[in-house]
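> Here it is: the structure, laid out below.
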Amino acid sequence: MQKSFRETASFIIQVLISATLLFICLAIVFNIPHSKVATAILTVIIGVIFLLSYGKELHLIHYIVGGYIVILDLWAYRNLDNMFSLSRSLFWVFLAFSIGYLVKRKKISYLTMLIPFLAISALFTILMIFQIEQVDDGRLYYMNRNSIPVFSLSYGALMNVIWSRQHNSKPQIWPSILILFLSFLSKSRIGLFASILYLILNMMPYIIPVARKFRKEWKLSKRKVIALIFLIIASAVIILLLIKYSRFNTVGVSSNGRVKIIESYFSELTLRNFITGFNHTEIDKLLSKNLHNSFINLLMSTGLLSAPVFVIYGIAGLKLFKKSYYLFGLFIILGIYSLVEKFIFFGIGDFILIPIIYLSFEASEQVTILNHTDKEYNS
C-alpha cells in the first residue's frame, strides 16, 4: 500500500514539476496575469505531496536550510520595501530543492525535463525565426533576450544530468546543440559564450577517451578516427560562424553598461549596507536594480546574512572538483554565467545549481556522472 502510494505520488509530482517549469517560462514570455499566485499554488501542492511521500526521509538539515531560505527572503523584503523582493523567486528555490532531492535519489524521470525543454525550445524558435516578436529591442514579448539562454541552459542541463545519472552514461550532445542554436537566435552574447562552453563540456567525454586510446595504442578503427576528426572540425566551423554572425562581432564585448552598473553599486557601498543589505532608498541611487551579477545581487539584497550561501557554494565547488569532471565543469559554467547575469541565487539557474549541490554532498562512488573513477574517461 505504501509503495503504491509512493509510486502514484512520485508520478503526480513529476507531472506537476514538468507543468510548473513550463508555466514559469510561459508566464514571463506572455506576462500571464496572476502568474506568481499560480506558481505559488503549484509549488505548494508539489511541496505537500513531496513531504507526504519523502518527509520521513528528510533530515533536520533540510528543514534548517528551508527555514534559512525563508528568513533570507523576508530580510530582502524588509530591506527593499517591496521594490526588489526575492519573494517571486522563493517558490522557484523550494521547487529546485524538491527537484534536487529527487535527482539525488534517482526518483525523477528524464521525461519530466524533456517535455518543458522541448516545449520552450519550440516556442523560442518559432517566435524568433518567424519574427513574431522582434528581439532587436532586447525583448521577446515580455522576456528579456538574455533570459532565453538562461531558460534553455538551465532546463537542458538539468535534463542531461538526469539522463546521465539514470543511465550511468555520458551526457547527450543534442541538447547542447539546441541550446547553442537558441542562444545564437536570442543575440545574447553571454548566452552564446556559455552555450559554446556547454557544448565543449558535453563533447569532452566522447573525445578524451578516444584521443587517449589513440595516443597509447596508436591504432584505432578508421570509422572512429574519421568520426572524431569530423566532430572536431564541424564543431569548430559552426562555433566560428556563430561568433562571426553574432553580436560578438557586430557589438563587441565591452559595449555594455554592466561595468557602470557594478561601479554604481560599489560607489554607494558602506559598512552598514554591506552588513545589512541595501534599502529601497539606496537602490534608487543605483543605475539599475538588477546588477547583472548573481553574487553581488544577493549581497545587495541581504548583506552578510547571505554568507552561508557563499560558504555552501564554495564547499560544493571543491567537492565537485574532487568527484566529477563533468559536474565541476557545469558548475564553473554556471558561475561564469552568474558573473554577468542574475542567473543563480533566487533565479532560474537554481533549477540546475541546487541539484548539482545536492550531488556534491553525495558519496563519491554514488556520483556516477563521469566521476574520477570512471575507467573509460581516465584510462
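> Could you list all residues from the stretch 193-225 that are of a type in the set (D, E, K, R) and either at pLDDT 60 or above or touching a strand residue (DSSP E or B) at 6+ places or on another chain (Cβ under 9 Å) (or both)?
Within the stretch 193-225, R212, K213, R223, K224 qualify.
> Also, quick follow-up: Do we have I369 as closer than 21 Å to A96 by Cα, modelled with pLDDT under 85 and not acidic (D, E) here?
Yes; evaluated as a whole, the condition is true for this residue.
> Moving on. Could you list, in sequence order, the residues of the stretch 298-351 that are free of Cβ contacts under 8 Å to residues at least 24 places away in the same chain and either more than 26 Å from M204 (Cα to Cα) or touching a Cys at 6+ places or on another chain (Cβ under 6 Å) (or both)?
Of everything in the stretch 298-351, those that are free of Cβ contacts under 8 Å to residues at least 24 places away in the same chain and either more than 26 Å from M204 (Cα to Cα) or touching a Cys at 6+ places or on another chain (Cβ under 6 Å) (or both) turn out to be A307, F310, V311.
> Would you call F274 surrounded by fewer than 21 Cβ atoms within 10 Å (Cβ to Cβ) and without any contact (Cβ under 8 Å) to a residue 40 or more places away in the chain?
The answer is yes for F274.
> Only one of these is in a helix (DSSP H, G or I) and over 30 Å from S121 (Cα atoms): V65, V44. Name it.
V65
The values are calculated or read from the model by the stated rules, or taken from the named source; none is laboratory data. Computed from a predicted model, the values in this text were never measured in an experiment. Neighbour counts run over all protein chains shown; Cβ positions are idealised from the backbone, glycine included.
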